[in-house]
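Accompanying notes for the structure given below.
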Amino acid sequence: MFDPSAIPDPASDRPDKLYMGNWSYQLAQGWGKEGVKEFMRIYYAGVKYVDDQVGRLLDALKRNGQDKNTLVIFLSDHGDMLGNHGMVWKTTDSFYQDLVRIPMIISCPGVVRAGQYAMPVSVVDLMPTLLSAAGRKEILPAGRPGIDLIPWLDGRKNAGTFPRKYVVCERIDNNAQGRREVLPGAKAGFMISDTQWKLVQYTNGDRLLYDLKTDPDETADLASSPRAAATLDRLRHALAEWLEQTQWRGGMDFVR
């Protein structure tokens, strides 16, 4: 169904130096260009298969007269490196857009206005949004993070009033004691983005900074650029605030 020779080449064939030891890069290097194209071909076929199954579900809703009474949300837990930056799959410490900018497609006739939204939403927004759509906001646990997206999706509010300025992703190394608990000195990587700028910060002090507006393929690290110093400080401060709010116990020296 998919001819490898017809699949466009990735935008970049090399990652930042930080990630050259990652398995995602080493695996792609071992496969070579033809092997990566075969991986991409199989991935395309997998996406087509998922799309077909979603179509079956939507057709079933229509046949049963429930298509105009159903909120449908399509999303994933992560993306995959699809040859970009010379990497495949997800076994990498990186936070490239290929991995973290997942789809969130929401449809509900009479509620969700058609269009593309540029707000910094997160999967933590799903619970309050679903409960709001079902008319059960009162059972939302107190203090639960997340934003009810319905007022923005139905047009009552515009994107400029969205209360969240940043989205954060984290990757924390395994707990040496085998528990789901962050220990002092834990090794981790974090990403914080305001949708234009993205800071990637590691507990060992390594950091990367990208301007996604002028460099959507993330090929130019601006962490050491004097012109981006103020932006870097702003994002580091925002990340430090988020770590304090979420009771991060691994130590804060790397963001100070």
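The values are calculated or read from the model by the stated rules, or taken from the named source; none is laboratory data. Note that the coordinates shown come from a computational prediction; the quantities given were computed from them, not determined experimentally. Neighbour counts run over all protein chains shown; Cβ positions are idealised from the backbone, glycine included.
So which residues in the stretch 133-153 are closer than 24 Å to K68 by Cα and surrounded by fewer than 18 Cβ atoms within 10 Å (Cβ to Cβ), if there are any at all?
Across the stretch 133-153, the qualifying residues are A134, G135, R136, K137, D148, P151.
Those residues that are exposed (fewer than 11 other Cβ atoms within 10 Å of the Cβ) and among the hydrophobic types (A, V, I, L, M, F, W, C), I need them from the stretch 212-241; list them, please.
Listed by number, the list holds a single entry, A230.
Identify all residues within the stretch 123-159 that are of a type in the set (G, A, S) and in contact with a Cys (Cβ under 9 Å, 6 or more places away or on another chain); write none if there are none.
If the condition is that a residue be of a type in the set (G, A, S) and in contact with a Cys (Cβ under 9 Å, 6 or more places away or on another chain), then A133 is the only one that fits.
Quick one: what pairs do we get from the stretch 228-253, first residue in contact (Cβ under 8 Å) with a residue 60 or more places away in the chain, second part of a helix (DSSP H, G or I) and aromatic (F, W, Y), C-beta under 9 Å, 6+ apart or different chains?
Once the first residue is in contact (Cβ under 8 Å) with a residue 60 or more places away in the chain and sits in the stretch 228-253, its partners that are part of a helix (DSSP H, G or I) and aromatic (F, W, Y) give W248/W242.
Taking the options I105, I73, name whichever one is outside the structural domain of I192 (by TED's automatic domain parsing), free of Cβ contacts under 8 Å to residues at least 60 places away in the same chain, loosely packed, with under 15 Cβ neighbours inside 10 Å and part of a strand (DSSP E or B).
Going through I105, I73 in turn, just one is outside the structural domain of I192 (by TED's automatic domain parsing), free of Cβ contacts under 8 Å to residues at least 60 places away in the same chain, loosely packed, with under 15 Cβ neighbours inside 10 Å and part of a strand (DSSP E or B): I105.
Within the stretch 89-98, is even one residue assigned to a helix (DSSP H, G or I) and within 21 Å of Q201 (Cα to Cα)?
Looking for residues that are assigned to a helix (DSSP H, G or I) and within 21 Å of Q201 (Cα to Cα), one finds at least one in the stretch 89-98, hence yes.
What number of residues within the stretch 1-32 are without any contact (Cβ under 8 Å) to a residue 40 or more places away in the chain and either touching a helix residue (DSSP H, G or I) at 6+ places or on another chain (Cβ under 7 Å) or surrounded by 12 or more Cβ atoms within 10 Å (Cβ to Cβ) (or both)?
Residues that pass the stated criteria total 4.
Which residue is nearest to R113 (Cα to Cα), if the candidates are limited to the stretch 165-182 and must be over 15 Å from the mean Cα position of the chain (by Cα) and surrounded by 14 or more Cβ atoms within 10 Å (Cβ to Cβ)?
I172
Identify the single condition in (1) within 17 Å of D16 (Cβ to Cβ); (2) of a type in the set (A, V, I, L, M); (3) touching a residue at least 40 places away in the same chain (Cβ under 8 Å) that L209 does not satisfy, given that it satisfies every other one.
(3)
Scan the stretch 1-18 for residues that are within 16 Å of F95 (Cα to Cα) and not in a loop (DSSP other than H, G, I, E, B) and jot them down.
Selection gives K17, L18.
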